[in-house]
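For reference, the structure discussed in these notes is given below.
The values are calculated or read from the model by the stated rules, or taken from the named source; none is laboratory data. A quick note: this is a predicted structure, and the numbers were derived from the prediction, not measured. In this analysis, Cβ positions are derived from the backbone assuming ideal geometry, glycine residues included, and neighbour counts consider all displayed protein chains.
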Number of protein chains: 8
Amino acid sequence: MVGIIMGSISDLKVMQEAADVIKELGVDYEIDIVSAHRTPIKMVEYAQTARERGIKVIIAGAGGAAHLPGMVASVTTLPVIGVPVKSSNSIDGWDSVLSILQMPSGVPVATVALNGAKNAGILAVQMLGIENSSIAETLAEYKKQLSSKVDDMVTELKKTIQ
Amino acid sequence: MVGIIMGSISDLKVMQEAADVIKELGVDYEIDIVSAHRTPIKMVEYAQTARERGIKVIIAGAGGAAHLPGMVASVTTLPVIGVPVKSSNSIDGWDSVLSILQMPSGVPVATVALNGAKNAGILAVQMLGIENSSIAETLAEYKKQLSSKVDDMVTELKKTIQ
Amino acid sequence: MVGIIMGSISDLKVMQEAADVIKELGVDYEIDIVSAHRTPIKMVEYAQTARERGIKVIIAGAGGAAHLPGMVASVTTLPVIGVPVKSSNSIDGWDSVLSILQMPSGVPVATVALNGAKNAGILAVQMLGIENSSIAETLAEYKKQLSSKVDDMVTELKKTIQ
Amino acid sequence: MVGIIMGSISDLKVMQEAADVIKELGVDYEIDIVSAHRTPIKMVEYAQTARERGIKVIIAGAGGAAHLPGMVASVTTLPVIGVPVKSSNSIDGWDSVLSILQMPSGVPVATVALNGAKNAGILAVQMLGIENSSIAETLAEYKKQLSSKVDDMVTELKKTIQ
Amino acid sequence: MVGIIMGSISDLKVMQEAADVIKELGVDYEIDIVSAHRTPIKMVEYAQTARERGIKVIIAGAGGAAHLPGMVASVTTLPVIGVPVKSSNSIDGWDSVLSILQMPSGVPVATVALNGAKNAGILAVQMLGIENSSIAETLAEYKKQLSSKVDDMVTELKKTIQ
Amino acid sequence: MVGIIMGSISDLKVMQEAADVIKELGVDYEIDIVSAHRTPIKMVEYAQTARERGIKVIIAGAGGAAHLPGMVASVTTLPVIGVPVKSSNSIDGWDSVLSILQMPSGVPVATVALNGAKNAGILAVQMLGIENSSIAETLAEYKKQLSSKVDDMVTELKKTIQ
Amino acid sequence: MVGIIMGSISDLKVMQEAADVIKELGVDYEIDIVSAHRTPIKMVEYAQTARERGIKVIIAGAGGAAHLPGMVASVTTLPVIGVPVKSSNSIDGWDSVLSILQMPSGVPVATVALNGAKNAGILAVQMLGIENSSIAETLAEYKKQLSSKVDDMVTELKKTIQ
Amino acid sequence: MVGIIMGSISDLKVMQEAADVIKELGVDYEIDIVSAHRTPIKMVEYAQTARERGIKVIIAGAGGAAHLPGMVASVTTLPVIGVPVKSSNSIDGWDSVLSILQMPSGVPVATVALNGAKNAGILAVQMLGIENSSIAETLAEYKKQLSSKVDDMVTELKKTIQ
């Protein structure tokens, strides 16, 4: 199971895409709101108990001075994927990106693109697909769809420029 | 008493300036190493017990994805001063600055300039000088010294350009 | 009493949040417009007389080449909190942030996030709460509310994703 | 087994840290030079055959317009970790970071900090530790070491400031 | 013939300007969608066969971590013009610009301004006009039109300010 | 007479170039240290009395949160030229540039390049040369020298590449 | 007389403010469109003949890779004021600012804030006011108006917060 | 023949790489110093006569507010390749890059990486190789060398890690 957390309900419109793609790829997830700055104790407990509760990968999204992914990573040994959110209080997303990406040695966060929650979901499934051949096949199928969507675009292009 | 903390011993060469100016201005301090990412539980305990242990202002320095000042501020009601440190793993200091400055509503960190530990020390003493007229006088005296150092510079300039 | 100043009436929509949260936390404030560049003499007088007029912390907001917080800090020994305002003439807020944050040694400004006036208000009250246990209790209560608002968000989330 | 690749021998001084920490954590790795721009066909073959050759996670480091991690990720369904290298032709590392991090929807790269090869290694091992309790225990032990190194720093600090 | 490619149909509104100006200058072009990350094998084939199919210059537009221009350039010896597109997933265009411009030694991409597809088209025609005096004359005529459009602007200005 | 001021003796190595070129162009200058943050009252007096003391243009250099040029401009009606200095406490010069350049409507500062004190000196002389034909001729002669220095470079180049 | 030029009619909405304030301050101006890139020969002629045609200061506005101010400055000995315009093809204004501000030694451009045409106009008048006491008085009066507008704002503020 | 120009002899250490690779690829070049700001008339003449003098591609290198490539492109219909030079007066290269890259519609400059003179040389040869099969073969051979240099690196790597 993938655990998806975010610092505020306002991040849901971005983070929903992680949940959607994980579901589409046939993997379970749970979703919760955990704020590094407003519920620090809940955050520590979430991270400490994640593995025993059956969570295998954590996706954490946050904006501005985004401490949630890094702090969760400091407490658990599970891989943590960080989604920099371009929140309303962010300076064009640079604060979100840098405060998630630039973690010190010893405590990695797997950072994806600004607002890249969909990719966070795919990445989480890729981690689960390392040993699971069924998931790996689903991912290979997904890659083919990406390619065939480009074929559809080419068809659309041909119509447009005629 | 001012509590000075930093994420790593490598930050000491910057943070020492905070200690020095606080001492120079006649105020007590204690200094410790508390890492948000390597000792998260110690960090929470430090922040939770700071007020009762007699600490009145906390100065926290960190570099890169610098979560220490903001995380300490999330746990205590004391004012927290953040010093962005241009550490070896920082991208020209931008990550340190943004991950300390851009805190979300509800949890402020009083941020000073990159490597501005001396100003963090002065700011801490200014907070203590709000109600304490003796400290306020020391600060007024310090301001006069700043001005007279400029006079010394003018003297030096006159010699240089003669 | 907290003194709130800003460089232009156009900054009021941002700075009002400082006033509101200070009032909510039970502390008095006064509010004024003081421009570093258009009323430099009034600015110097404001800063010189602030302590004797009963002001204990100054919050100064400005945008673009934002000199007001730093210049006020150069004249008073009170702590000065700077709010970088993303004004219409600002380059994405970077000028506002850097011209407030990057003060030289000797003259600190406690800088908060871009448009972070609410946090400036909370920080001012935290400074007053150092020695005042009643204010400290109000702040502890405020922190609990932050946490319970996250609980409300979780309830909302559960409804949304059902 | 973790596959470590880089675009040039000049990246080895950064990427060696990934190899070292993976070895320290008891996991096998292989290391190779694969250039997106100078050996594009070899790159495609590397990525296409990685899973069948027993590679479970790929770590790819590159600098400047760093296309290696993203291009490898476009061909394989294995998780790919990207290490932005601050190479001699990079503009302060910004090009390396952005050209690895900002991948389009569908093709994630798990990006770590600039020159953060050590964290890439740890992250790779964390992925392998999702299902492997022995590796998970090694990681938990590693986390304890991080914490005890801070204790050593505190001891050093006490000596320094005496 | 000029070959115009882009990573997604969403780039067409920018890239259309390249096609339009090439046509206006009397040169043939073909246009296609080729995605570095979703159709990597098609991309390699496109680049490998471009010269023999009669393409003389390739214009490639992409946004975010924009790998298409550089990867095409790695496979062909034809000149490749890169158009950084400010796509919806881009951080203000910086990622698009840097991941196209900052190519390593040996594999140049002729980069034009952000969203500068029109200039990419003109540049492609300039390359074809090196040896072709008819095209060179068309370009000289085009330059005169640029100048006479400024004359029209002056007329408009005179009316406006009267 | 041109008045040259700077915030600290450490800026002299940059600002000396302004003095040197003004002298070379045959114009008088005076030089002083005036700090916006350490001697705010002296700064106001300097600016208020500059015109009556015979100063016709003011050149002000400062680094970091560089308030000196803008504050002087707020008090005088003389043209003020600002030199952003890349001081030791500056973030790569961006703070110096932005806090001088981005002045609000009503109070201009004529900003030159980072560390561009020489150009500040030339610009000051150009202002004095508006009505003074002798100075204008000196400037025309200076322009010829710039051109003939390029001729010297060409000679040097020919030797180098032989 | 002040000469105002811009690279395109689309810059007029910004540059009009320069004309308006110059007129308001009682000084003559002429306004024209001169493009560095589309009418380079006209640009050179404009700059070469400006002084003899009675122009005393040139204000040049341009956006993107903004070469007009610097190129005009390379040909004339008159002071040139550069206005970086945030044009539609600009990357958040950074290109406009840097390509005007960062002139090499020998050829200064007096740069004002992004879109700061009004300040360019005031600066031009300040240059003319160096020797002209009537203009200097007008400027002193203008400064008083700036100050009294702040008084009006204070009145408005008092009404708002009642 | 390729024409290589630069704004100053100090750019030669970067621009020499363009000359060297052009020679290595068997193409003729001439090299000169032409400054946009110090020899504007020479620059116009250089560009106006380039085609008739047998120049087929122009490579122009400059730093800071780098106007040389764009201004040359405004006068000639030949393709112009711009090399942003990280000169001593540049702000980390950003001014050089943006003032060359961000050309307005109608006047393209083929921009290469910061200090990317070698790639400028290769790109110029690629343009000449569009119609010239002998040059195209030389370029294909050069690409093979790039690939075999990676093989050499792999051999070196194997030795290093044994």
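Which pairs turn up if I take residues in the stretch B:11-39 that are farther than 17 Å from B:Ser88 by Cβ and touching a residue at least 24 places away in the same chain (Cβ under 8 Å) and look for partners that are surrounded by fewer than 21 Cβ atoms within 10 Å (Cβ to Cβ) and of a type in the set (Phe, Trp, Tyr) with beta carbon separation below 8 Å, at least 6 apart in sequence or on another chain?
These pairs meet every condition: B:Ala18/B:Tyr29; B:Ala19/B:Tyr29; B:Ile22/B:Tyr29; B:Leu25/B:Tyr142.
Mind counting the residues in the stretch F:128-140 that are surrounded by 16 or more Cβ atoms within 10 Å (Cβ to Cβ), facing another protein chain (nearest Cβ under 7 Å) and over 18 Å from the mean Cα position of the chain (by Cα)?
1
Is it the case that B:Asn89 is in contact (Cβ under 8 Å) with a residue 12 or more places away in the chain and on the phi < 0 side of the Ramachandran plot? Quick ask: steps written out before the conclusion?
Details: in contact (Cβ under 8 Å) with a residue 12 or more places away in the chain: yes; on the phi < 0 side of the Ramachandran plot: yes.
In short, yes.
Residue-by-condition table, conditions (1) small (Gly, Ala, Ser); (2) farther than 18 Å from F:Glu156 by Cβ:
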| position | (1), (2) |
| --- | --- |
| H:Val27 | no, yes |
| H:Asp32 | no, no |
| H:Ala36 | yes, yes |
| H:Ser74 | yes, yes |
| H:Pro79 | no, yes |
| H:Lys86 | no, yes |
| H:Ser90 | yes, yes |
| H:Met103 | no, yes |
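If the requirement is being buried (at least 24 other Cβ atoms within 10 Å of the Cβ), under 21 Å from B:Ser148 (Cα atoms) and more than 8 Å from every other protein chain (Cβ to nearest Cβ), which of these qualifies: F:Ala66, F:Ala117, F:Ala60, F:Ala18?
Details: F:Ala66 fails: more than 8 Å from every other protein chain (Cβ to nearest Cβ); F:Ala117 fails: under 21 Å from B:Ser148 (Cα atoms); F:Ala18 fails: under 21 Å from B:Ser148 (Cα atoms).
Criteria check complete, one pass: F:Ala60.
Farther than 28 Å from D:Ala136 by Cα and either of a type outside the set (A, V, I, L, M) or without any contact (Cβ under 8 Å) to a residue 40 or more places away in the chain (or both): does that describe D:Val107?
Spelling it out, it is not the case that D:Val107 is farther than 28 Å from D:Ala136 by Cα and either of a type outside the set (A, V, I, L, M) or without any contact (Cβ under 8 Å) to a residue 40 or more places away in the chain (or both).
Which of the numbered conditions does C:Val75 fail, given that it passes all the others? Conditions: (1) at the interface with chain F (Cβ under 10 Å from one of its Cβ atoms); (2) under 12 Å from the mean Cα position of the chain (by Cα); (3) of a type outside the set (Phe, Trp, Tyr).
(2)
For the subset of the stretch G:78-114 comprising residues that are more than 22 Å from H:Val109 (Cα to Cα) and either part of a helix (DSSP H, G or I) or facing chain H (nearest Cβ under 9 Å) (or both), which member is nearest to the chain's Cα centre (by Cα)?
Looking at the filtered set, the residue picked out is G:Val109.
Looking at G:Ala136, G:Ala110, which one is touching a Leu at 6+ places or on another chain (Cβ under 8 Å) and aliphatic (A, V, I, L, M)?
Details: G:Ala136 fails: touching a Leu at 6+ places or on another chain (Cβ under 8 Å).
When all the criteria are applied, what remains is G:Ala110.
Could you give me the residue pairs with C-beta distances under 9 Å whose first residue belongs to the stretch C:50-79 and is over 16 Å from C:Val34 (Cβ atoms), whose second residue is of a type in the set (Lys, Arg) and surrounded by fewer than 24 Cβ atoms within 10 Å (Cβ to Cβ) wherever it lies, and which are 6+ apart or on separate chains?
C:Thr77/B:Lys143; C:Thr77/C:Arg51; C:Pro79/C:Lys56
Which condition number does G:Val125 fail, the rest of (1) of a type outside the set (Ser, Thr, Tyr); (2) within 14 Å of chain H (Cβ to nearest Cβ); (3) part of a helix (DSSP H, G or I) being met?
G:Val125 satisfies every listed condition except (2).
So that you can scan it fast, the table gives a plain yes or no per residue for (1) touching a strand residue (DSSP E or B) at 6+ places or on another chain (Cβ under 7 Å); (2) of a type in the set (A, V, I, L, M, F, W, C):
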position: G:Leu12; (1), (2): yes, yes
position: G:Val21; (1), (2): no, yes
position: G:Gly26; (1), (2): no, no
position: G:Thr39; (1), (2): no, no
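Name the single residue that is surrounded by the fewest Cβ atoms within 10 Å (Cβ to Cβ) among those in the stretch A:144-161 being polar (S, T, N, Q) and within 12 Å of E:Ser35 (Cβ to Cβ).
We begin by selecting, within the stretch A:144-161, every residue polar (S, T, N, Q); these are A:145, A:147-148, A:155, A:160.
After this cut, where a residue has to be within 12 Å of E:Ser35 (Cβ to Cβ) as well, the list is A:147-148.
Numbers: A:Ser147: 17, A:Ser148: 12.
This residue is A:Ser148.
So for the stretch B:98-112 (the condition being hydroxyl-bearing (Ser, Thr, Tyr) and surrounded by 24 or more Cβ atoms within 10 Å (Cβ to Cβ)), does at least one residue qualify?
Within the stretch B:98-112, one or more residues are hydroxyl-bearing (Ser, Thr, Tyr) and surrounded by 24 or more Cβ atoms within 10 Å (Cβ to Cβ).
How many residues does the stretch C:21-38 contain that are surrounded by fewer than 24 Cβ atoms within 10 Å (Cβ to Cβ) and at the interface with chain F (Cβ under 10 Å from one of its Cβ atoms)? Walk me through it before giving the result.
Step one: list which residues in the stretch C:21-38 are surrounded by fewer than 24 Cβ atoms within 10 Å (Cβ to Cβ), which gives C:21, C:23-32.
Among the residues that remain, those that are also at the interface with chain F (Cβ under 10 Å from one of its Cβ atoms) are: none.
Residues that pass the stated criteria total 0.
Condition (residue is among the hydroxyl-bearing types (Ser, Thr, Tyr), within 9 Å of chain C (Cβ to nearest Cβ) and not in a loop (DSSP other than H, G, I, E, B)) applied to the stretch B:141-151: is it met by at least one residue? Lay out the reasoning, then the answer.
Start the filter on the stretch B:141-151 by keeping residues that are among the hydroxyl-bearing types (Ser, Thr, Tyr), which leaves B:142, B:147-148.
Still in the list and also within 9 Å of chain C (Cβ to nearest Cβ): B:142.
So of that shortlist, the ones also not in a loop (DSSP other than H, G, I, E, B) come out as B:142.
Yes, some residue in the stretch B:141-151 is among the hydroxyl-bearing types (Ser, Thr, Tyr), within 9 Å of chain C (Cβ to nearest Cβ) and not in a loop (DSSP other than H, G, I, E, B).
Considering only the stretch F:120-134, I want to know if a residue exists there that is out of contact with any Cys (no Cβ under 6 Å at 6 or more places or on another chain) and more than 27 Å from G:Thr76 (Cβ to Cβ). Don't jump to the end; show me each part of the working.
Here is the first cut: in the stretch F:120-134, the residues out of contact with any Cys (no Cβ under 6 Å at 6 or more places or on another chain) are F:120-134.
After this cut, where a residue has to be more than 27 Å from G:Thr76 (Cβ to Cβ) as well, the list is none.
Scanning the stretch F:120-134 turns up no residue that is out of contact with any Cys (no Cβ under 6 Å at 6 or more places or on another chain) and more than 27 Å from G:Thr76 (Cβ to Cβ).
Regarding the stretch H:140-149, can at least one residue be identified that is modelled with pLDDT of 95 or more and under 30 Å from E:Thr138 (Cβ atoms)?
Looking through the stretch H:140-149, none of the residues is modelled with pLDDT of 95 or more and under 30 Å from E:Thr138 (Cβ atoms).
Could you list, in sequence order, the residues of the stretch H:59-70 that are in contact with a helix residue (DSSP H, G or I) (Cβ under 6 Å, 6 or more places away or on another chain) and closer than 16 Å to H:Val80 by Cβ?
Within the stretch H:59-70, H:Ile59, H:Ala60, H:Gly61, H:Ala62, H:Ala66, H:His67, H:Pro69 qualify.
Just the residues that are in a loop (DSSP other than H, G, I, E, B), over 16 Å from H:Pro84 (Cβ atoms) and touching a helix residue (DSSP H, G or I) at 6+ places or on another chain (Cβ under 8 Å), please, taken from the stretch H:1-27. Give the steps one after another, and end with the answer.
From the stretch H:1-27, those in a loop (DSSP other than H, G, I, E, B) are H:1, H:7-8, H:25-27; that's our starting set.
Pick out the ones that are also over 16 Å from H:Pro84 (Cβ atoms) and you get H:1, H:25-27.
H:Leu25, H:Gly26, H:Val27 - these are the residues of the stretch H:1-27 that are in a loop (DSSP other than H, G, I, E, B), over 16 Å from H:Pro84 (Cβ atoms) and touching a helix residue (DSSP H, G or I) at 6+ places or on another chain (Cβ under 8 Å).
Can we say F:Glu156 is at the interface with another protein chain (Cβ under 7 Å from one of its Cβ atoms), in a helix (DSSP H, G or I) and modelled with pLDDT under 95?
Details: at the interface with another protein chain (Cβ under 7 Å from one of its Cβ atoms): yes; in a helix (DSSP H, G or I): yes; modelled with pLDDT under 95: yes.
Criteria met by F:Glu156.
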